[in-house]
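Beneath this line is the structure, given in structure tokens, with notes to follow.
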Amino acid sequence: MRARAFWVVTHRFVGLALAGFLVIAGLTGSLLVWNEELDAALNPHLFRVVPPAPDAPMLDVLVLRDMTAARTAESIRSFWLRPPAPGHTHIFQPDRERVEQIFVDPYTGNILGRRVWDDISEGIGNLMPFLYRLHYALLLGEAGQLIFGIVALLWTLDCFIGAYLTFPPSVPSAPAGAFWSQWAKSWRLRWWGGFYRFNVDVHRAGGLWLWAMLLVLAWSSVAFNLRDVYEPTMRALFAHQQEIERPALSAPRYDPSLRWPQALTVARHLMANEARQRGFTIAAEDWFLHDPERNVYVYDVRTSLDISERQGKTRIVFDADNGALLHVHLPSGAAAGDTIYSWIATLHQAHIWGLPFRTFMTLMGLVVAALSLTGIVIWWKKREARRYRSE
């Protein structure tokens, strides 16, 4: 019983310490599930375009890139390869310290507008990027990411403590099956008995019914924000694909021998070879990047190995001068640790199972906030009861 009392106190004060952070994360997360739709609704002039004809073709993405770079005098070293949906703009992000987005008409190459991503001083048009940065970094940059990473780690541990505290106390003389019959009560929501009783049931039963998903959210948040903890822990438990780190050059190479059209041809050829040899199919191109610090191209596609239905994480890295393949990363099937990461990241971002799962994850964000608030109510009521007894 002394051990249980220790974990009760630990759960109480860890929960109080995390409550404010989790309310913010839960409420912003429930909105970010619909990030693209809400952003487009707030900024139709940036995200929407009228095609010149119903069957009008879009310009090739490399042509769009060159036109945008020429018109803005910006160096664009990474961009989406996947074409936008009909009637939507193509978005480029120049290689700048301040993340700026340039919105381009994919039919004409005309620049429709630009914004500094997450700068709320630009107005309501930056609300969704602002909420996104609030969600993962509290608007505090690297310090905020670290704080939320620590919060996520404590949340992960508290998931196990909270589950343990729903178990009935051990009684040596209890009959067989008593544990399960008593524990079943922890899963119930009682609509009678007053507000406080219902609040306790929501906190306890809500945490139990959704425990697995709460753990996924907590541990994936550690993966996103606290890599120095996540990586060694998971590598100690599961196999991972070997990462080949190419050291940075003494001076960045901004003019590789392989220009963008040649590099994209090489990327497609290398990825097609990998698909044949490893037995996966390519669904769509996703992202293309030139890293001048290491003089490599990074090419991402979505394949049959991707868990995510919205982003491609099947990746190759090759030399930007001679096209030599340097690294291949497969999101699933190659190593258990990488497959687990793909699953928890995809579930956290609601990039799987379509509209039903996105709706569920919206509710999960509200549940995270509700569990934190009900925990505060429980602590306050018990604090008031202790004060009353001491008087």
(message) Just checking: which of the helices (runs of 4 or more DSSP H) contained wholly in region 1-79 hold 3 or more residues that are more than 30 Å from Gly162 (Cα to Cα)?
(response) 35-42, 44-47, 61-72
(request) Kindly indicate the residue of region 212-250 that is modelled with pLDDT of 95 or more and part of a loop (DSSP other than H, G, I, E, B) and also nearest to Asp291 (Cα to Cα) among those meeting that condition. (result) Gln241
(message) If I ask for residues that are assigned to a loop (DSSP other than H, G, I, E, B) and surrounded by fewer than 21 Cβ atoms within 10 Å (Cβ to Cβ), which ones from region 306-319 would you list?
(response) Ile307, Ser308, Glu309, Arg310, Gln311
(request) Return yes or no: is Arg268 surrounded by 12 or more Cβ atoms within 10 Å (Cβ to Cβ) and assigned to a loop (DSSP other than H, G, I, E, B)? (result) no
(request) Restricting attention to region 71-100, report how many residues are among the acidic types (Asp, Glu) and on the phi > 0 side of the Ramachandran plot. (result) 0
(request) Quickly run through region 112-162 and pick out the residues that are in contact with a Phe, Trp or Tyr (Cβ under 7 Å, 6 or more places away or on another chain), farther than 30 Å from Arg12 by Cβ and either in contact (Cβ under 8 Å) with a residue 60 or more places away in the chain or part of a helix (DSSP H, G or I) (or both). (result) Leu112, Gly113, Ile120, Pro129
(message) Here is a check on your reading of the model: is Tyr297 outside any helix (DSSP H, G or I), at pLDDT 95 or above and hydroxyl-bearing (Ser, Thr, Tyr)?
(response) yes
(request) Residue by residue through region 212-240, note down the ones that are surrounded by fewer than 16 Cβ atoms within 10 Å (Cβ to Cβ), under 19 Å from the mean Cα position of the chain (by Cα) and not aliphatic (A, V, I, L, M). (result) Arg227, Asp228, Glu231
(request) Tally the residues that are modelled with pLDDT of 95 or more, touching a Ser or Thr at 6+ places or on another chain (Cβ under 9 Å) and either over 11 Å from Thr72 (Cβ atoms) or surrounded by fewer than 18 Cβ atoms within 10 Å (Cβ to Cβ) (or both), restricting the search to region 93-108. (result) 3
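The values are calculated or read from the model by the stated rules, or taken from the named source; none is laboratory data. In this text, all values refer to a predicted model and were calculated from it rather than measured experimentally. Reconstructed Cβ throughout: ideal geometry from the backbone, glycine too, with neighbour counts over all protein chains shown.
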